[in-house]
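A.B. asks: One structure coming up, written as structure tokens, with questions to follow.
The values are calculated or read from the model by the stated rules, or taken from the named source; none is laboratory data. Source: prediction; values computed, not measured. Methodologically, a virtual Cβ is constructed for each residue, glycine included, from the backbone with ideal geometry; neighbour enumeration extends over all protein chains shown. Heavy atoms of the whole protein, side chains included, go into the accessibility calculation; ligands, DNA and RNA do not. Shrake-Rupley method; radii C 1.70, N 1.55, O 1.52, S 1.80 Å.
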Amino acid sequence: MARRAGADTYPARLRKSAHRARIALRKSGVDYFRGDGSDWIALAGLLLTIPAITCATLFNAVWCSPAALVLPIVAGGLLLRPASLLGLYATAATALIVESLALGPYGDGPARVTPGIVLVVAACGFFGLVLAQFRARVGVPWRRGGTMLFDLRERIRVQSALPRLPQGWHREMALRPAGGQSFSGDFVVAARTNGGRTLEAVLTDVSGKGMDAGSRALLLSGAFGGLLGSLPPHGFLPAANGYLLRQDWDEGFATSIHLVLDLESGDYELLSAGHPPALQLHSGSGQWEEKAAEGPLLGVYDGAQFDVVKGSLAPGDVLMLFTDGLVEASDRDIAEGIDRLTGEADRYVATGFEGAAWHLIEACAKDVNDDRALLLLSRRS
């Protein structure tokens with residue numbers, strides 16, 4: 001009873017009310033920055049800044065210039081919807097008129113409202129309105145745009161995750177977009193099929209690079225991920241080619257290499273669509289062998305045929321799949337790039353290629369302005 005009475009005291013009720021108000025304010029703020037809520041909080045805050053700036057200008061126009069009204073206008077262009085933005089502009093225009101009347105003609109001395117200040121404020125308001133109209137037409141507020149891009153990047157990364165392999169196998173994947181961007185036209189989709197006995201992995205290089213190819217890479221990675229394992233291995237590239245042709249993109253071609261690996265025997269098949277050859281290290285001889293399968297680019301013409309190259313990974317062998325950005329450059333051809341890649345890879349033979357994929361990209365194509373991807377599979381001795 002005493003505990004209940006204590007909970008009904010005025011300070012307790014005040015704390016509960018404050019807690020509910022804090023939760024409501026936090027929820028409103030989260031909804032706003034996700035793009036789901038109203039912009040009344042931002043509008044109210046910006047409307048309060050305008051009279052504060054006006055009072056500061058009238059008090060000391062030298063330290064707080066009339067041009068300071070640009071600040072809430074620029075912020076409004078980033079935060080508000082077009083309808084709310086017009087209300088903010090009307091308030092700012094009224095404040096500018098009040099400052100002009102209170103400070104007197106601009107010819108009487110410095111720190112007055114001049115025609116140049118009016119033009120600057122009007123220009124900022126115009127560009128802010130253009131940005132707000134563009135955001136409203138796209139339907140993605142600026143505060144949600146970054147979240148959406150982050151989500152797209154994470155989806156590509158998750159779809160490129162390699163499945164776990166049984167004991168005795170090591171796999172790793174490294175991807176580096178062009179120009180230090182977050183989006184890449186290179187991607188991998190992989191799955192274990194045939195009851196987990198078979199590993200199917202597809203490394204694809206979409207035409208273009210970086211942000212230009214990121215949206216197409218996201219679409220294709222989802223489509224290829226759905227096709228992988230749903231079709232017989234030899235039917236994957238023809239189906240992918242047909243899908244790309246149906247998109248009818250202006251720049252819609254891609255290269256791809258499809259690996260089908262038996263995790264029990266080590267036997268594998270490679271099918272290529274205009275992709276650079278794979279490289280296999282034979283542990284017995286210590287030599288690298290190119291595994292080049294023949295096939296046209298994806299998305300060029302219908303009815304394309306893709307030949308198969310077969311091989312086998314013995315204990316200690318390594319197989320590398322990579323995109324052309326890793327071995328091609330303006331000052332060297334692909335043969336020189338492959339020689340450099342295999343030379344750098346020889347350094348990791350003794351360590352078992354643990355963590356080698358990222359370091360190989362750094363060593364062979366660190367400053368190349370192209371997307372680079374490397375998929376490495378090794379069978380432990």
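A.B. asks: Can you bin the stretch 226-381 into rounded, prolate or oblate? Criterion: square roots of the alpha carbon gyration tensor eigenvalues sorted a ≥ b ≥ c, rounded for a/c under 1.5, prolate for a/b above b/c, oblate for the rest.
C.D. replies: Because a/c hits 1.5 or more and a/b fails to exceed b/c, the stretch 226-381 counts as oblate.
A.B. asks: Another one. Quick one: if the Förster radius is 45 Å, what FRET efficiency do ALA363 and ASP302 give, using the C-beta to C-beta distance and rounding to 0.05?
C.D. replies: Efficiency for this residue pair is about 0.65.
A.B. asks: Right, here's the next one. Pairing the Cα long axis of helix 210-227 with the longest principal axis of the chain, what angle in degrees results, from 0 to 90 and rounded to the nearest 10?
C.D. replies: 60
A.B. asks: Quick check: pseudo-label points 7 Å beyond the Cα along Cα→Cβ at SER312 and LEU165, how many nm apart are they?
C.D. replies: Inter-label distance under the simple model: 1.8 nm.
A.B. asks: Over the stretch 315-370, with a single point scatterer placed on each C-alpha, what log10 of the ratio I(q)/I(0) does the Debye formula yield at q = 0.18, 0.25, 0.30 1/Å?
C.D. replies: The Debye formula, applied to the Cα set alone, gives -0.58, -1.04, -1.37.
A.B. asks: Which value, in debye to the nearest 20, describes the size of the charge dipole of the chain about its Cα centre when Lys and Arg Cβ atoms bear +1, Asp and Glu Cβ atoms bear -1, and nothing else is charged?
C.D. replies: 3080
A.B. asks: For LEU131 and LEU101, what is the calculated FRET efficiency with R₀ set at 30 Å and r taken between the beta-carbons, to the nearest 0.05?
C.D. replies: With a Förster radius of 30 Å, E is 0.45.
A.B. asks: Is there a quick way to get the dipole size of the stretch 164-308? I mean about its Cα centre, with the Cβ of Lys and Arg at +1 and of Asp and Glu at -1; what is the value in debye to the nearest 20?
C.D. replies: Dipole of the stretch 164-308, to the nearest 20 debye: 480 debye.
A.B. asks: Taking every pair of Cα atoms in the chain, average 1/r, invert it to obtain the Kirkwood radius, and report Rg/Rh to two decimals.
C.D. replies: 1.20
A.B. asks: Taking amide H atoms as placed 1.01 Å from N in the peptide plane, list the residues 5 or more away in sequence, or in a different chain, whose amide H sits under 5 Å from that of GLY316.
C.D. replies: ARG379, ARG380, SER381
A.B. asks: Compare ARG197, ARG15, ARG135 in a GNM of the chain, Cα atoms joined below 10 Å, and give the one with the largest fluctuation.
C.D. replies: ARG15
A.B. asks: Mind jotting down the distance between the C-alpha centroids of the stretch 301-374 and the stretch 54-86, whole Å?
C.D. replies: 56
A.B. asks: Dipole of the chain (Lys/Arg Cβ +1, Asp/Glu Cβ -1, origin at the Cα centre): which of ILE361, ALA95, GLY295 lies farthest to the positive side?
C.D. replies: ALA95
A.B. asks: Still on this structure, please answer the following. Can you give the extra length, in nm with one decimal, that the chain gains between ALA93 and GLN287 once fully stretched, where that is 0.36 nm per residue apart less the Cα-Cα distance?
C.D. replies: 62.2 nm
A.B. asks: Could I ask something else about it? Could you pull out every one of the aspartates and glutamates with an alpha carbon less than 17 Å from that of LYS16, ignoring same-chain neighbours closer than 8 positions?
C.D. replies: Here the aspartates and glutamates satisfying the reach criterion relative to LYS16 are ASP8.
A.B. asks: LEU48: accessible area at probe 1.4 Å, nearest 10 Å²?
C.D. replies: 130
A.B. asks: How high is the FRET efficiency between ALA18 and ASN194 when r is their beta carbon distance and R₀ equals 41 Å, given to the nearest 0.05?
C.D. replies: 0.10
A.B. asks: Any idea what the dipole of the stretch 304-358 comes to, in debye rounded to 20, about its Cα centre with Lys/Arg Cβ at +1 and Asp/Glu Cβ at -1?
C.D. replies: Rounded to the nearest 20 debye, it is 200 debye.
A.B. asks: Treat each spin label as a single point 7 Å out from the Cα along the C-beta direction, and report the LEU231 to ASP331 distance in nm.
C.D. replies: Placing both labels 7 Å beyond Cα along the Cβ direction yields 4.1 nm.
A.B. asks: Rounding to the nearest 10 and keeping the result within 0 to 90°, find how far the Cα-based axis of helix 40-59 lies from the longest principal axis of the chain.
C.D. replies: Between the helix axis and the principal axis of the chain, the angle is about 50 degrees.
A.B. asks: Apply the Karplus curve 6.51 cos²θ - 1.76 cosθ + 1.60, θ = phi - 60°, to the phi angles in the stretch 325-341 and return the couplings in whole Hz, x for Gly and Pro.
C.D. replies: x, 7, 10, 10, 7, 5, 9, 7, 8, 5, 5, 5, x, 5, 4, 5, 5
A.B. asks: Hey, another quick one. If you build a Gaussian network model of the chain, linking Cα atoms that sit under 10 Å apart, which residue out of ALA18, ALA68, ALA122 swings the most?
C.D. replies: Comparing ALA18, ALA68, ALA122 in a Gaussian network model of the chain, the most mobile one is ALA18.
A.B. asks: How high is the relative contact order of the stretch 249-342? Use alpha-carbon pairs under 8 Å, at least six apart in sequence, and give a whole percent.
C.D. replies: Here the relative contact order equals 27 percent.
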